[in-house]
Each structure stands twice: as C-alpha cells, then as structure tokens.
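Notes for the one structure printed next.
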Ligand SMILES: [Zn+2]
C-alpha cells in the first residue's frame, strides 16, 4: 500500500462524483427526464440524451458479475499488491462498476458473491473499492 498510485482524473463531468467519494459516498447519476441510473459520469443521459442530470447516493452494495486475478502488475506501483482482484460489480441499483475487491478472502471471490463498498485513500482522492460481504464465519 505504498508508492505513488495514480489519482483519479477529475473533469467537469466527474467532479461531483469524486467530491462524494472524498466523503466515502458512492453516487450515481440519474436522468431527471427518463429516470435512467448510470455510473460513468457524463453530461448527457446515454439512454435519452437529456442533459437534465442529477446525483443520487448508492446504497454501496452489489454482486460480483465477473472478475480476474492479476498476477503481473501493469505498473510497477501495483507490483507489491499482486495477486489482486479486478472485478465487475453489479450495484444494487443496476449500474455496473469496474473496481477491485480487497480485504479478507478477496482472492477466494466467486461470481455472484455479495460485496460492499469501501474507499482507498489515493492522494487527495478516495477510490471506491469493494469487500466481500459474506455473513459471519465459514466459507
Ligand atoms: Zn434519460
């Protein structure tokens, strides 16, 4: 957990998203016209092209859609973390996020596991990641 990990690139479309993660909140964009929920911050709705966008808090839970275990780091700064998990999570609200699964048992993840959001300090920012949310003990 040392080194200079890349920090998020913040632009006009994503500044609300990254401001929320600094408060350990995961937010989704909602279209005020058609109600479509979306995760990648952008200035128009990908479903109806409306620019009438709002933000809403996600509950921070989801299920593992797919994952990969990385054994060879793409950048030297991630080398000490290998092996680590990159995953696609289907959030409770519907949108899918690419993220890491971290914490106890992360390498034993299976598709369909329930997960909950946590946040990694990354310089001035916080990056959403997920932990397994298995109910008490056993495997
Ligand atoms: Zn829309």
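One table, with the values for the structure above:
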item	result
Top-ranked residue in region 90-101 [being surrounded by 17 or more Cβ atoms within 10 Å (Cβ to Cβ) and without any contact (Cβ under 8 Å) to a residue 40 or more places away in the chain; ranked as nearest to residue 31 (Cα to Cα)]	99
Qualifying residue in region 6-14 (condition: more than 19 Å from residue 133 (Cβ to Cβ), within 16 Å of the ligand (Cβ to nearest atom) and either outside any loop (DSSP other than H, G, I, E, B) or out of contact with any helix residue (DSSP H, G or I) (no Cβ under 6 Å at 6 or more places or on another chain) (or both))	yes
Residue satisfying all of: in region 24-39; touching a residue at least 40 places away in the same chain (Cβ under 8 Å) and part of a loop (DSSP other than H, G, I, E, B); surrounded by the most Cβ atoms within 10 Å (Cβ to Cβ) among these	26
Enumeration of residues in region 49-75 that are free of Cβ contacts under 8 Å to residues at least 24 places away in the same chain and more than 27 Å from residue 12 (Cα to Cα)	68, 70, 71, 72, 73, 74
Residues satisfying the stated conditions in region 60-110, i.e. touching a strand residue (DSSP E or B) at 6+ places or on another chain (Cβ under 8 Å) and in a loop (DSSP other than H, G, I, E, B)	60, 82, 83, 92, 93, 94, 95, 103, 104, 105, 109, 110
Condition met for residue 1 (assigned to a loop (DSSP other than H, G, I, E, B) and either at pLDDT below 95 or away from the ligand (no atom under 16 Å from the Cβ) (or both))	yes
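Rundown of residues vs (1) within 30 Å of residue 104 (Cβ to Cβ); (2) within 16 Å of the ligand (Cβ to nearest atom); (3) exposed (fewer than 12 other Cβ atoms within 10 Å of the Cβ), yes/no style:
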site: 50; (1), (2), (3): no, yes, no
site: 78; (1), (2), (3): yes, no, no
site: 82; (1), (2), (3): yes, no, yes
site: 88; (1), (2), (3): yes, no, no
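The values are calculated or read from the model by the stated rules, or taken from the named source; none is laboratory data. Computed from a predicted structure; not experimentally measured. Glycine gets a Cβ as well: all are built from the backbone with ideal geometry, and neighbour counts include every protein chain shown.
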